[in-house]
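Just so you know, all these numbers are worked out from the coordinates, no wet-lab data involved. Please read all numbers here as calculations on a predicted model, not as lab measurements. So basically every Cβ, Gly included, is an ideal-geometry build from the backbone, and we count neighbours across all protein chains shown.
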Amino acid sequence: MVNKMRDFKFIDSSKKMDKEQIRESLTYWKDVWRRLKKNTIAVIGLIGVIIVILFGVVGPMFSPYYFSDQITDFSYLTPSLDVFQITDTEDGDLENYFVHLNNDYRLFLISEDGHIIERLTRTRVDRSIWTYYYDYEGEEIAVDYSRRVGDEYTGDIDYTVTYEGVETLYPTKTVWNKTYLLGSDHLGRDILCRLMYGARISLTVAFVAAIVNLIIGVTYGSISGFKGGATDNLMMRIVDIINSIPLVIYVILLMVLLNKSNMWTIILALGTVYWVGMARLVRGQILSLKDLEFVLAARTLGVSQGRIISRHLIPNAIGPILVSLTMMIPTAIFTEAFLSFIGIGMSAPAASWGTMANEAISLLEKYPYQLLLPSLAIGITVLSFNFLGDGLRSALDPRLRKG
Amino acid sequence: MSKREPLLEVRNLKKHFNLGGRGAKKKILTAVDGVNFVIYKGETFGLVGESGCGKTTTGRTIIRLYKPTDGEILFEGVDLSALNEKELFPFRKKIQMIFQDPYASLNSRMTVTDIIGEGIETHNLYTGEEKQERIYYLLETVGLKREHANRYPHEFSGGQRQRIGIARALAVNPELIICDEPISALDVSIQAQVVNMLEDLQNEFGLTYLFIAHDLSMVRQISDRIGVMYLGKLMEVTTSDELYDNAYHPYTKSLLSSIPIPDPRSSMRQSRIVLQGDVGNPINPKPGCRFAPRCIYAKEKCRSEDPELIEIEPGHFTACHFVKEINNI
Amino acid sequence: MAKILEVKHLVTSFFTHLGEVQAVRDISFSLEKGDILGIVGESGSGKSVTSLSIIGLVDDPGEVVSGSVIFEGKELTKLSDRELNKYRGNDISMIFQDPMTSINPVYTVGNQIIEVIRAHSDMNHAEAKARALELLDLVGIPEPLTRIKSFPHEFSGGMRQRVLIAMALSNNPKLLIADEPTTALDVTIQAQILDLMRNLQAKMGASIIFITHDLGVIAEICNKVIVMYGGKIMEKADIMSLYEKPQHPYTIGLMQSVPKPETGQKKRLVPIKGSPPDLLKPPTGCPFSPRCEHAMEVCLKEAAPLYKISKTQFASCWLHDKDAPVVKGFVKCESVPDEETEVLL
């Protein structure tokens, strides 16, 4: 309520509110982060990227294997094992044993929870009754293909297992392979472990190549954009010429020329070719920024060209540069995998996802998991980076600043 | 009247932009096409005109953001038009610029300290503690506070940003400041603050201004003398009072009469000259007076011969063939 | 006189991630047939948002929080977007500030005018085209027959604004809202456009709401004025009273900070100290109080009601209260509720 006596007194200026109000608003990056968080797909991508990085960096430390460790006896084991129980002790102290037959007719002794104990030697084969015999502690285990299993069973196990006179018609259960969590490959190497090392390789190649691309591309693009005129024309025509041939071809040519297939040659090949995209982008950014008034102000102050580029132009172009960098990574990963896949990438025993896929092609029919797993790894990684990059692009777009 | 010292003399300044095309189809934008004027030390010279008249280009050419196509820019006797970047460097301290858009004229990635300090660093004027003190001093001079030094531009309002821009220009102790539409983008109640501040700074530091604007009333307020441009040429130059009370050029007259008068009762509205047609095109201009297509007094001579900027009366220059007849002098 | 538009206690806010930006904070005014009402204010005053609120064009994250907008007796705030569309371009038209971006660059000018005509009438293409030609002529576009086929980029700024005016007038609107239509134009072109608008208004009898920050333009064309600041109305008056005897410190401050060309000597401008308020945390009480040289305790606590200076002038300022100290230039009078603050000419 208005108090007539008191309220109609003038205020001296010291009581008035601070005239120049300064609003605390978000810094550039905080605002970008806020917008990124709202985008579900981008967050999924970000989580995927973090998982893949952790997988590659930290994962191998938890693996009991090294990527080149091989036990040829234990090759071709799938991640999920159909097992037949052969012992049945009621005594809780003793373990029960199971057997698993793989697609090459090898029989393995499996523990209750899925550990592979040993491979059992095949003693004889009786073709007349379609039976294979294996030796277990002196006793014979018969794997019989002659009996057709009953119609209720719809799986693809078409044999029975007999031990000590007990015939087991169906697989007792399906256990997860605890020795090789994602199975073993044709040389008995743990696929999970190789995937993790593969992650390391793929990510290292991708990040280093992306950084090299960044440095070359940003330098080239900013000089071209800043100089303008004939210089810019010439530099961009060179880029156009390079770009007219699919970049993958250059990489292949380089790899063939270099003749040594290891991580560093791939990085070299990728780094010296893919910068053209970044250069074009940076040049475009520089062109649009260099006529802005704050750049003109720097010129009127006599600031050197180099400082104008490094202090004024590039920091304001960092958004699109970052997006481009994020998108370069999946390209590099995919290219590296592709190179290894066609055989000019990393050489054995290197565990790159591409080489893994390459080695698994011939086994597609019998052991599809060996091709599926590295492909999945590549797919998830590339997709995650793409989601993230897309989300970053939207978050950095100043025109979408609403609310 | 005591002889005043010319600080800047612009002679036959031309700036053309090549828009492409060859031979007969060549398109040249004659943004500034032969401009002559003098600015004396300590005065404010206003440069007005509508869009396409070349006033901004003139300002930017003088400060050598562009290389002139022709003509001379004499600053304290030295011709800046022929110098290369290295030779220009010492002059960068002496001539500075304030820009129009408070949102585009500050690098949003730099702090206020960095923005104001850049000139000081580039010319090595102060270092360390001294430099910081100088920055604080500049901030306070333009009406901001020390605490603002570590903030970023987006935390300030339009008027405050413009002040930061002014502080940046002052940091190198210039003699001449080219103000390129410094208040056009500000709110009306802030414009007066900035204009007053510019006047105070001029008195305190002995500055000379080239004030480029399209708001005639504001230009009159702050300027001692005014030049009116149209399509790259100067139409009239005289003192601001004389221009308003006694304009001779037909363009100036219609320009003045077009200004909306903030008084509904004013009788001046009746004598308004409303120009027909649009502001012309500075690309490949036709010969003759640039204003001829819209001028009610235009005759044959106007369409073939370009009028020179002549001193009709002491200190009053006009570029019009028939200025005497039109004004009965 | 028939009241064509009534705005009552309009409140519009933007709900951003930083909080609620209160753009329009309880304003009321009305318009009679034939009025040209000027809304004067600076950035952040709420003038543009007011016009958008009337026509229902306030976009996410903003919305009209409360209040009513009654056009010819019909309550517009309750209508759906589809129902409002019947009014837009038809009975209520709008022109925006920047002619460069207000026209679609990929269609010819003729096409766009015809589109507006056919959206609200059942003329066929030929009839609409004839009407379009009429309109282009009306707004002073030379050679309408050839220019009807031109694209927007072939026109200058002034010409484009004329085209926009033609589009806005195509269906004989009863109310035309012009949001800073001449701010982006050169001063000689502005004079032409203002002339045009005056003539057209006289011819077609439309009522106009003219939004601007330029006091000179208001004096040129309006008969009534509302002065807005910080989302509220500071003063409402007929044009003569406002310029002869402004009764609000903000209005007075504005007039003093603008140079007047006809006066003989150059007087130093008297700026208003401080800067426009932050609408995220608007000050309690009168929004102008932090900058007002006559501010009193009460001004910081409560916004003043509208005081009736005369039948044609109202000001929201405590200085008019009988119990306030006497300040030269401010008359004492009674306050009246918002409903009774019509500027009756």
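Mean partner shielding of peptide C:188-197, defined as the number of other chain Cβ atoms within 10 Å of each residue Cβ, is 5. From the square roots a ≥ b ≥ c of the eigenvalues of the alpha-carbon gyration tensor of chain A, which class results: rounded (a/c under 1.5), prolate (a/b over b/c), or oblate? Because a/c hits 1.5 or more and a/b fails to exceed b/c, chain A counts as oblate.
Counting charges near C:G205 (Lys, Arg +1; Asp, Glu -1) among other residues having Cβ under 10 Å from its Cβ returns a value of +3. Peptide packing: for B:296-303, B:127-134, the average count of neighbouring Cβ atoms within 10 Å per residue gives the ranking B:296-303, B:127-134, highest mean first.
In the Gaussian network model of chain C, springs joining C-alpha atoms below 10 Å, which of C:N124, C:N172, C:N90 carries the largest mean-square fluctuation? Taking springs between Cα atoms under 10 Å, the residue moving most is C:N124.
Relative to the longest principal Cα axis of chain A, at what angle does helix A:275-289 sit, 0 to 90 degrees, rounded to 10? Taking the Cα atoms of chain A, the angle to A:275-289 is about 20 degrees. The relative contact order of chain C, computed from alpha carbon pairs under 8 Å that lie at least 6 residues apart in sequence, is 19 percent. When each of the peptides B:26-33, C:332-339, A:351-358 is scored by how many other beta carbons lie within 10 Å of its residues on average, the order from highest to lowest is A:351-358, B:26-33, C:332-339. Along the range B:213-230 the Karplus relation, 6.51 cos²θ - 1.76 cosθ + 1.60 evaluated at θ = phi - 60°, assigns HN-Hα couplings of 7, 10, 8, 4, 5, 5, 5, 4, 4, 9, 8, 8, 10, 9, x, 9, 10, 8 Hz to successive residues, with x for each Gly and Pro.
Quick check: the angle from helix C:125-138's long axis to the longest principal axis of chain C, C-alpha only, nearest 10 degrees? Helix C:125-138 sits at roughly 50 degrees to that axis. Shielding value for A:286-295 is 4, the average number of Cβ atoms from other chains within 10 Å of each residue's Cβ. Peptides B:62-74, A:336-348 ranked from most to least packed give A:336-348, B:62-74, packing being the mean of other C-beta atoms within 10 angstrom over each peptide's residues. Cα gyration tensor of the range B:175-289, axes a ≥ b ≥ c as square roots of the eigenvalues: rounded (a/c below 1.5), prolate (a/b > b/c) or oblate? Oblate.
Per residue of peptide B:102-109, the mean number of Cβ atoms on other chains within 10 Å of the residue Cβ is 6.
The relative contact order of chain A comes to 19 percent, based on Cα pairs under 8 Å that sit 6 or more residues apart.
Mind pulling the angle between the C-alpha long axis of helix A:314-341 and the longest principal axis of chain A? Nearest 10 degrees, somewhere in 0 to 90. Rounded to the nearest ten degrees, it is 20. Mean sequence separation of contacting Cα pairs (under 8 Å, at least six apart), scaled by the length of the range C:1-128, corresponds to a relative contact order of 24 percent.
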